[in-house]
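Here's the structure we're looking at; comments come further down.
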Amino acid sequence: MEPQRSTNATLADLLDRVLDKGLVIHADLIVSVSGIPLIGVNLSAALAGMETMLNYGIMQAWDERTRVWEHDYRSKKKSSLIQGEEIILKMLGAYHSSEGIYTAWRYGHLYLTDERLFLYHEDFGEVLFETPLKKIHGLAVREGEQLTEKKVREELCLLLEGNKMCRLTALNVHQLKEALEKRMEEAGLAIQQDPEVPFVEGNAAEFLADGEHVICTGKMWYLMDREGIADDTWRPGYLYLTDKRVCWCYDLSRKIVIEIPVSGIIGSVIETRACSNVMAKEKVMDILYASNGTRKVAVFSGPLLEDWNQIVNKIIIGRWKTSAGEETESCPQCGKTALIKDLLDQGCTGCGWVSPAKKERVRKIEAPA
């Protein structure tokens, strides 16, 4: 067979030829050094489309095994439904998993049936999340993470038994919420409309005290103090503002690294500076607070710094305003805020600080006549 050259042939012609007719390669290769043959290679290969291969009786066993696996796989996918269960709505969606130290959105297909709501990953044949409809006590749609400059992720928060909160997102969150409400109404199940569901990332419920409520939270980097010979390091985590404190939880350990009582916050300011050798100049937020009679600074960086700065300063302003309109002042030792009259007359209830005026009055009373 003599090789021929066609100047009009294209890559598409070559692929069509290979897939339709096939290509057989025979090659003998000898590797030699200084004229001495050392290695001999004999190659024989066939390249063609699967249909052509099967027509010539090649790879039939492999094809049969693949078809059997695919049949079993498709049968397994259908097994996620309970016998007699009716699908009301199927939609692409995700569930926010916060098990262990790893938190992430896990994607799949959300199924709403006449008995339950579940998220199914079809590729792995695994149910990632499920709950019976009778365990859903409330629904609320709220804005979640900022996806782009103009788009925010909408989330459907489910309030389950035991005040457990579950976060879902879907291709159409409002359609999913309406379908859930309609089905639960048909089943005669009571549901709380738009409950006060705290927006809490990760395992925050593990460290919240009884009666403590989360006001806001968000992803934030914290400049952790150096450990040993290491320099100060930025660590990822979540910053929480509750009605009692500001605290930051480290992503890796899922533990509270720093917490600041609301009464101890002195001020907040945003600056642009380089806080490490590897970090260029970036905007950071310094929260000044009092602890054990000394003033300290916690440094944070991340999105929405301006919003956080306004929130912290509102806390400070709010402490200076009382319902009676009386003036307040912070303790010079621990920073706790109290009415000026009480601070001068009684001292600080937080650290025991006593004003010089009160000390003088006590000295005069105790002095011998």
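Overview of results
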item: Condition broken by L11, with the remaining ones in (1) modelled with pLDDT under 80; (2) under 30 Å from Y238 (Cβ atoms) satisfied; result: (2)
item: Residue in the stretch 305-314 that is over 27 Å from L208 (Cβ atoms), at pLDDT below 80 and more than 25 Å from the chain's Cα centre (by Cα) present; result: no
item: E282 vs. criteria under 26 Å from C351 (Cα atoms), of a type outside the set (S, T, N, Q) and touching a strand residue (DSSP E or B) at 6+ places or on another chain (Cβ under 9 Å); result: no
item: Tally, over the stretch 15-48, of residues that are surrounded by 10 or more Cβ atoms within 10 Å (Cβ to Cβ) and either under 30 Å from F124 (Cβ atoms) or of a type in the set (D, E, K, R) (or both); result: 4
item: Test result for A46, modelled with pLDDT of 80 or more, part of a helix (DSSP H, G or I) and aliphatic (A, V, I, L, M); result: no
item: Members of the stretch 233-255 found to be among the β-branched types (V, I, T) and under 17 Å from L223 (Cβ atoms), listed by number; result: T233, V246
item: Counted residues, the stretch 161-173 - those being modelled with pLDDT under 85, in contact with a strand residue (DSSP E or B) (Cβ under 9 Å, 6 or more places away or on another chain) and surrounded by fewer than 15 Cβ atoms within 10 Å (Cβ to Cβ); result: 3
item: Which listed residue is of a type in the set (S, T, N, Q), in contact with a strand residue (DSSP E or B) (Cβ under 9 Å, 6 or more places away or on another chain), in the same structural domain as R235 (by TED's automatic domain parsing) and at pLDDT below 80, from S276, S268; result: S276
item: Residue in the stretch 284-293 that is at pLDDT 85 or above and farther than 30 Å from A209 by Cβ present; result: no
item: Matching option when the condition is under 22 Å from Y120 (Cα atoms), part of a strand (DSSP E or B) and at pLDDT 70 or above, among L158, L180, L176, L223; result: L158
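The values are calculated or read from the model by the stated rules, or taken from the named source; none is laboratory data. For clarity, every value in this text was computed on a predicted model and none was experimentally measured. Heads up, the Cβs are rebuilt from the backbone with ideal geometry, glycines too, and the neighbour counts pull from every protein chain shown.
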